[in-house]
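Asker: After the structure tokens below, expect a handful of questions from me.
FYI, it's all coordinate maths here, none of it is from the lab. Bear in mind that the values here come from a model prediction, so they are computed numbers and not experimental data. Ideal geometry is used to build each Cβ from the backbone, glycine not excepted, and the neighbour counts take in all protein chains shown.
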Amino acid sequence: MSRSHLPGQRPVTPRGDHAAPFPAYASVPATLPLEKPPTTHGQDGEGAERADEPRALAERPAKQQAKQSAKPRDAFFDNAKYLAVVLVAMGHAWEPLRGDSRTAAALYITVYTFHMPAFIVISGYFSRSFDASPARLKRLVTGVAVPYVIFEVAYTFFKRWADDDPTYPISLLDPWYLTWFLVALFVWRLTTPLWKIVHWPVPLALAVAVLASVSPDIGDDLDLQRVLQFLPFFVLGLVLKPEHFQLVRRREARILAVPVFAAALLFAYWAAPRMNAAWFYRRDSAQELAAPGWSGAVMTLAMFGCSVVLVACFFAWVPRRKMWFTALGAGTLYGYLLHGFVAKGSRFWDWYDLQWLHTPLGEITVTLAAAALITSLCTPPVQRLFRFAMEPDLKWAFRRDVAGIAGRGGGPRS
């Protein structure tokens, strides 16, 4: 049995969760060119023959040139990441309340339909430049693989202490709780060059997900079920273009999102006592959920369609301008991984045994507390404190000519 199952579904194994903000990827721009950047030579050749411009550029300090050439972050994507990670924390807070509140269960199902796919779509969109060059592979290791190892070990020791389980083993092949997303992101980015050269990448990725959903023999190593079943959203992000995001920024899209979300909530309220929420986690095959094999294919396709619609509605409601929380979008991976200690601790220490938490006032309090916690964990002071684990400086582990190799297409150094 996998160590990565969520609480409430597999009570004998306290592993697993889903949803996560994706880590900032330094090898691609922090923002996206949604608008045409200004040219440096004027309109229609005006000033195009300025002989003194190269000299002026060369005389500028390197830091000044870098500052002027850097593109500003797009507030839309930072806002989307922050709002999505807040929904992650709220979903974790609602999980123990589902048994006593049908409303909490409906909100839980609705949120889990789109918040994870939204993160993965954005992650795929920002991975379009990944080409497996040495510099980008270095960033993938330091920004994804190393944090996975650090937090997998940290979570294991936390469980040994908080859950009074001193023999709980460390296993880098069996992601615990929130760390599965880092494994998935590592695998997805490595496969990016493949999806960029094949015909019909999204249908092909959907076919892979369908096959995974009916294959119980895949096993639990590296949470491959999740890696494969969530793959279509990453590939969708790879094929999206700036104009696709512009479509959901239109006023018509924001208005249309209201009845769509209302219908989703009503359906979730109806389905809450009838449906196994484990379908949304995508960590098991249909057979492991005690369902016939063919249902795995049907559910995979149906949930993909529903998720894409709700992801589009979510993006339609994301503010486009700079907000008070926009800067927190750069720290969502910090909040995602760190809040897991509190989320798991609340179960280990039986915080939800307090009866007043299961009242409407208690549910509202839990929701607000989760939002406040995840917000505080995304702040710059927390980022500075834990940067050693999230963005480690591992220059000593790599050859000093990595940048040179990347610039020559990976050829031998002269």
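Asker: Output wanted: per-residue J couplings in Hz (rounded whole) for the range 358-363, from phi through Karplus 6.51 cos²θ - 1.76 cosθ + 1.60, θ = phi - 60°, x for Gly and Pro.
Answerer: 9, 9, x, 5, x, 5
Asker: Once label points are set 7 Å from the Cα along Cα→Cβ at both residue 153 and residue 198, what is their separation, rounded to one decimal in nm?
Answerer: 3.5 nm
Asker: Counting other C-beta atoms within 10 Å, and keeping those with at most 11, which DSSP coil trypsin sites (Lys or Arg not before Pro) do you find in the range 170-260?
Answerer: Details: sites: 189, 196, 226, 249, 250, 251, 254; in loops: 196, 249, 250.
Within the range 170-260, the qualifying trypsin sites (Lys or Arg not before Pro) (loop, at most 11 other Cβ atoms within 10 Å) are 250.
Asker: Would you please name the chymotrypsin sites (Phe, Trp or Tyr not before Pro) within the range 190-256 that are DSSP coil residues with at most 11 other C-beta atoms within 10 Å of their C-beta?
Answerer: Filter output for the range 190-256: empty list.
Asker: May I pose another question? Suppose R0 equals 30 Å; then what is the FRET efficiency for residue 397 and residue 165 from their Cβ-Cβ distance, rounded to the nearest 0.05?
Answerer: Once the sixth-power term is evaluated, E becomes 0.40.
Asker: Counting Lys and Arg as +1 and Asp and Glu as -1, each charge on the Cβ, what is the dipole of the range 179-317 about the Cα centre in debye, to the nearest 20?
Answerer: Working: 11 positive and 8 negative charges, 138 e Å.
In debye, rounded to 20, the range 179-317 gives about 660.
Asker: Here is a further query. Would you work out the charge dipole size for the range 227-277 about its Cα centre, treating the Cβ of every Lys and Arg as +1 and the Cβ of every Asp and Glu as -1, and quote it to the nearest 20 debye?
Answerer: Numbers: 6 positive and 2 negative charges, 28 e Å.
Computed charge dipole of the range 227-277: roughly 140 debye.
Asker: Okay, moving on. What is the fewest-to-most order of 306, 313, 378 by other Cβ atoms lying within 10 Å of their Cβ? Could the numbers behind the result be given before it?
Answerer: On the way: 306 17, 313 20, 378 27.
Least crowded to most crowded, the residues run 306, 313, 378.
Asker: Next question, about the same structure. For residue 323, what residues show an amide H to amide H distance below 5 Å, using hydrogens built from the backbone and excluding near sequence neighbours?
Answerer: Amide H neighbours of residue 323, under 5 Å, 5+ apart: none.
Asker: Return the sequence-ordered ³J(HN,Hα) values of the range 300-316 in whole Hz as given by the Karplus equation 6.51 cos²θ - 1.76 cosθ + 1.60 applied to θ = phi - 60°, using x for Gly and Pro.
Answerer: Coupling constants for the range 300-316: 4, 5, 5, 5, 4, x, 5, 5, 4, 5, 6, 4, 4, 5, 4, 4, 5 Hz.
Asker: Convert each backbone phi in the range 251-258 into a coupling constant with the Karplus relation 6.51 cos²θ - 1.76 cosθ + 1.60 (shift: θ = phi - 60°), then list the ³J(HN,Hα) values in order as whole Hz, x for Gly and Pro.
Answerer: Going residue by residue, I get 4, 4, 5, 5, 5, 5, 5, 5 Hz, with x marking Gly and Pro.
Asker: With a sphere of radius 12 Å drawn around the Cβ of residue 104, what net charge do the other residues whose Cβ falls strictly inside it have (Lys, Arg +1; Asp, Glu -1)?
Answerer: Numbers: positive: 98, 102; negative: 95, 100, 363.
Value of the local net charge: -1.
Asker: Any idea what the relative contact order of the range 76-407 is, in percent, if you count C-alpha pairs under 8 Å spaced at least 6 apart? Don't jump to the answer; show the numbers that get you there.
Answerer: Details: 398 pairs, mean separation 109.0, N = 332.
Answer for the range 76-407 is 33 percent.
Asker: Suppose each label sits 7 Å from its Cα in the direction of the beta carbon; what would the residue 243-residue 295 distance come out to in nanometres?
Answerer: 4.2 nm
Asker: Restricting to lysine pairs 8 or more places apart or on different chains, what number in the range 76-407 have Cα atoms under 25 Å apart?
Answerer: Value for the range 76-407: 10.
Asker: State, as an integer percentage, the relative contact order of the range 109-259 based on alpha-carbon contacts under 8 Å between residues 6 or more apart. Walk me through the numbers on the way to the answer.
Answerer: Working: 129 pairs, mean separation 51.8, N = 151.
Here the relative contact order equals 34 percent.
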